[in-house]
Amino acid sequence: MTALLDCAKAFDRMHRGVLLEKLWSTGIRGKLFELVISYYYRRRQRVKLGKSTSDFCKTNLGGPQGSVITVISWLIYINDITLAMNESECGLFVDDVCAWIADPDPSKCIKRLNADLDRIYNWSVCNTMVFDSQKFHLLDIGKPNIGKFKKLAEFNGTSPTWCSEAKYLGIIIDNKLTFTPMLNYVTEKVSRSLWRLFNHTNHVTGASVRSLKLIFSAWIMPHFIYGSPIWIFLMYDNFHYSSPLRPQYKKCFENLEKIYNKCCRNILGLPPGTSNLAVLVRLGIMPLNYLLAYRACTWYLRIVKGLAGSEVHDQLWNLYSDDEAWTQTCFFRPAYELIKRLNLYVKDAHKIDIFTAPFHVGRRLLKEAFFHELNTLWNDYDGCKIGHIIHPEWKPLKWQNLMTCKRVNVQYHRLAVGRGNTQVWYDRIGISVNKNCRFCKNTEENIEHLFLHCQCLTTDRVLLKSKCEAHNITFDLQTLFTHPKLQIPVEKFIAKHIT
Ligand SMILES: [Zn+2]
C-alpha cells in the first residue's frame, strides 16, 4: 500500500523560525549560520504589474524562488518528516513525499497507516505545512487487497482518496503496476511536442537532417525516455526483436512506436509507406524498443558500478541475493539477462566482459552489440533492395548539416531507399508506365543505371569519379549515398538530372 502526499505550496509555507532552529540543530554555526539568517532577515515582497508596483509587505514564511539557499533550506526543513514515519518506508524528493507499507493483514496495514498519518499531521502542524487530504493519493498495490478496510484510512478526521493510479515524480503508477496508463501518458506527451519537429520538416524550406535529429533528440526523445527503464522490459516475455509484444501492451506500445517511426521518416523527408527498417537504417538509429532497452541497460551498468548512488546500488545487491525477489523485478533482472546475452557477442569479438570493463568501455561495446543484433534483423529483411546495397550494415550514422537545398537533399535520401524520382519508382506508384531511362531510353531507370551506367550521363559521372579518386573513396552506390564528402557532388548530380 502506498501513500503519495502533496504539500500545498510547500516552499511558500516554510517557517523561517522553525528553519533556523533546524539548521542550528543540524550543527550549522558561525558565519554560515549568520549568512543564512541575513539571507532571510527582513525579506519583503511586492507585486509588479506593468509599470505599477504595490507597497512592500513583510514576509516571515518561505524564501525567494529559484535560489539555491531556499532549496537546500527546504531539504533540511522537510528531512525530519521521516521521523514521523515509524511504520512505513518512505521516499522524499524535494516536495514530493511517498510512504509505503507492506502487511499481509489488511486491517493491520490500515492501522499502521493511520498511526503514521497521525504523526505526519502533527509534524505538519509543528512545521506550518498543510497537507491537502483531497490531493492525497492512496494506492492499494498487490495482494491481498485492502478491500473493505479502505474506508478506515484517516488523516486529520477526513478520509483521503483511494485511487487506481497516481503520479509520482512524473511517473504514473497504477495499482496493478502495469504502467499502461504511463505509456498512454507518454504517447500523449510526445504527440503534444511533435510540432517542434514538424515545424521544420517541410520538403522545400525545412532544416537539414542533422538539425532535425538534434531537435528530435532535444525536445521529443526525453519524453520517450523518461521513466522508460521501469516499463520497457514489461513489453516482452523475453527481450528480442523476434518476441511478440505482450497482448496487454500491443496497442499502447505500437501507438508509441508509430509516432517514433513517423518522426524518423520525416527527419529524412521520406514518403509514407517507406519501410520502417529502411528509415531507421538510413538514419542510423535503433528502433524504439531497442533504444529504450539500451538506455535501460546503460543504467543497469551504472548501478552495478556504483555510479548511480549507493542507495540503488545496495538495492540491486539486496534483490540479487534474494532469488524470489530477483525473478520478480521488472527492470533489474531483464536488464541483466539482456546484457548477459549480448555479452556473449562482446566476449567473442573483443575478449572483453561488459560487466567488468570500465563503464564507458562497457557502454560502447553494449551499443555495438545492440547494433550487431539489429544487423541480423536487417539482413533477414527481404524488402528495400537498394537500401541493402547502400547500407549493407546497420550502424550509428551522423548526417551533415550541409545540403545544396532541402528539396534536393530530400531526393538524395529518397533515392537511397529506392523511393526517389526514377522511372522505376514512377512506374511503381503509377505515375508512369514506362520504366525505361529518360535519357538513353533502352534500359530500366534505377539509381544504379543513372549513377553507374547510363551513357548519356558520362560527363557528370567522370566528375563524380574524380571526386572519389581525389578523396581516395571507392566509386559505388554505397559511398555515393553515404560518404559525407560526396554528398554535395551527388546532390548536384541529382539536381541536374533526377528531378
Ligand atoms: Zn540511361
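Observations on the structure shown:
- Top-ranked residue in the stretch 422-464 [being surrounded by 13 or more Cβ atoms within 10 Å (Cβ to Cβ) and basic (Lys, Arg); ranked as modelled with the highest pLDDT]: Arg461
- Of the helices (runs of 4 or more DSSP H) that lie entirely inside the stretch 374-493, those containing 1 or more residues that are within 16 Å of the ligand (Cβ to nearest atom) span 406-416, 423-428, 458-470, 477-482.
- Across the stretch 142-167, the number of residues qualifying as surrounded by 13 or more Cβ atoms within 10 Å (Cβ to Cβ) and within 21 Å of Arg119 (Cβ to Cβ) comes to 12.
Each row is one residue, and each column tells you yes or no for (1) out of contact with any strand residue (DSSP E or B) (no Cβ under 8 Å at 6 or more places or on another chain); (2) surrounded by 15 or more Cβ atoms within 10 Å (Cβ to Cβ); (3) touching a residue at least 40 places away in the same chain (Cβ under 8 Å).
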residue	(1), (2), (3)
Ala335	yes, yes, yes
Arg341	yes, no, no
Tyr345	yes, yes, no
Leu365	yes, yes, no
Leu374	yes, yes, yes
Asp380	yes, no, no
Cys384	yes, yes, yes
Ile389	yes, yes, yes
Asn401	yes, no, yes
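- Candidates Leu4, Leu20, Leu32, filtered to the one that is surrounded by 11 or more Cβ atoms within 10 Å (Cβ to Cβ) and assigned to a helix (DSSP H, G or I): Leu20
- Subset of the stretch 113-141 [modelled with pLDDT of 85 or more, in a helix (DSSP H, G or I) and either buried (at least 18 other Cβ atoms within 10 Å of the Cβ) or of a type in the set (Ser, Thr, Tyr) (or both)]: Leu113, Asp116, Leu117, Ile120, Tyr121, Trp123, Ser124
- Number of positions in the stretch 1-42 that are charged (D, E, K, R) and in contact (Cβ under 8 Å) with a residue 24 or more places away in the chain: 6
- Condition broken by Thr201, with the remaining ones in (1) touching a residue at least 40 places away in the same chain (Cβ under 8 Å); (2) under 19 Å from the mean Cα position of the chain (by Cα) satisfied: (2)
- As a summary of the residue check, Thr499 satisfies the conditions (1) closer than 19 Å to Arg407 by Cβ; (2) part of a helix (DSSP H, G or I) except for the one numbered (2).
- Against the test of being closer than 26 Å to Asp237 by Cβ and touching a Pro at 6+ places or on another chain (Cβ under 8 Å), the options Phe355, Phe371 yield a single qualifying residue, Phe371.
- Residue that is under 33 Å from the mean Cα position of the chain (by Cα), surrounded by 16 or more Cβ atoms within 10 Å (Cβ to Cβ), β-branched (Val, Ile, Thr) and more than 30 Å from Lys148 (Cβ to Cβ), where the choices are Ile78, Ile72, Ile101: Ile78
- For the stretch 37-90, the candidate set comprises residues that are assigned to a strand (DSSP E or B) and among the polar types (S, T, N, Q); within that set, the residue that is nearest to Arg16 (Cα to Cα) is Gln45.
- Pairing each residue of the stretch 413-427 that is within 20 Å of Arg265 (Cβ to Cβ) with any residue that is in a loop (DSSP other than H, G, I, E, B) and of a type in the set (Asp, Glu), provided the two are 6+ apart or on different chains, yields C-beta distances under 7 Å for Thr422/Glu445.
The values are calculated or read from the model by the stated rules, or taken from the named source; none is laboratory data. Remember, it's a predicted structure, so these values are computed and weren't measured experimentally. Here Cβ is always computed from backbone atoms with ideal geometry, including for glycine, and neighbour counts include all displayed protein chains.
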